[in-house]
Amino acid sequence: MARALARILGRPADGDSWRKGAVGERRVGAELDRLRRHGWHVLHSIPLPGDVDLDHLLIGPGGVFSINTKNHPGKPVWVGDDAVKVDNGEPRPYARKSRSEAERVQRVLGHFCGFTVPVEPVLVFVGITDLKVEATQLKVRVYREREVSALAPLTGVWTPSQVTRIHSVARHRRAWLEA
């Protein structure tokens with residue numbers, strides 16, 4: 001009843017944001033899973049302390065990528081150096097949070113792997129009508145959901161044995177307990 005009333009009033013119902021995010025994560029996850037045939041490993045929804053999670057972690061010959069998914073169906077998105085605007089709205093800290101998340105992943109993987117594991121942050125937008133990236137200093141890769149396949153041909157960062165080691169560490173819940 002509460003959901004129906006919220007919809008009639010044009011307000012988001014409890015859980016709508018979570019559901020929208022989950023739909024976006026599934027769509028991006030399906031795209032990332034296609035990279036497995038190119039030697040990549042994908043982990044989805046890694047739980048972290050504080051009731052948060054990593055949407056996706058991509059590990060392969062071209063590096064390690066912490067992927068943050070944002071689902072904004074039917075909206076245009078503008079990305080600047082440190083701000084993201086959805087439908088010309090207020091700036092959102094997506095880029096800053098993505099960088100912070102990648103740094104967190106880098107610390108955990110480096111600690112448990114025993115060697116430095118650089119991690120690149122990636123923002124992937126789902127369902128948007130337009131994406132304009134006008135950043136000059138942005139240290140976050142930005143894609144639409146179908147564009148994440150651009151990561152597939154990347155090579156030269158990790159050997160197959162290093163990829164296996166990083167993936168085996170990343171798969172274990174223990175590594176993330178105090179992340």
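The values are calculated or read from the model by the stated rules, or taken from the named source; none is laboratory data. Keep in mind that what you see is a predicted model, and the values were worked out from it rather than measured. We place every Cβ from the backbone using ideal geometry, glycine too, and count neighbours over all the protein chains shown. Areas reflect the complete protein model, heavy atoms only, side chains present, ligands, DNA and RNA absent. Shrake-Rupley method; radii C 1.70, N 1.55, O 1.52, S 1.80 Å.
Below, the figures for the structure above:
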item: Residue among ALA95, ALA102 that is touching a Ser or Thr at 6+ places or on another chain (Cβ under 6 Å), crowded, with 20+ Cβ neighbours inside 10 Å and either more than 23 Å from ALA150 (Cβ to Cβ) or in contact (Cβ under 8 Å) with a residue 24 or more places away in the chain (or both); result: ALA102
item: Test for HIS56: is it touching a helix residue (DSSP H, G or I) at 6+ places or on another chain (Cβ under 6 Å), modelled with pLDDT of 95 or more and open to solvent by 50 Å² or more (accessible area, probe 1.4 Å); result: no
item: Residue, least open to solvent (accessible area, probe 1.4 Å), within the stretch 123-165, restricted to residues that are free of Cβ contacts under 8 Å to residues at least 40 places away in the same chain and not polar (S, T, N, Q); result: TYR143
item: Strands (runs of 3 or more DSSP E) completely within the stretch 90-150 that count 1 or more residues being polar (S, T, N, Q) and over 23 Å from ASP33 (Cβ atoms); result: none
item: Positions within the stretch 121-167 being in contact with a Gly (Cβ under 7 Å, 6 or more places away or on another chain), under 20 Å from GLY29 (Cβ atoms) and of a type outside the set (Gly, Ala, Ser), in sequence order; result: VAL126, LEU151, LEU154, VAL163
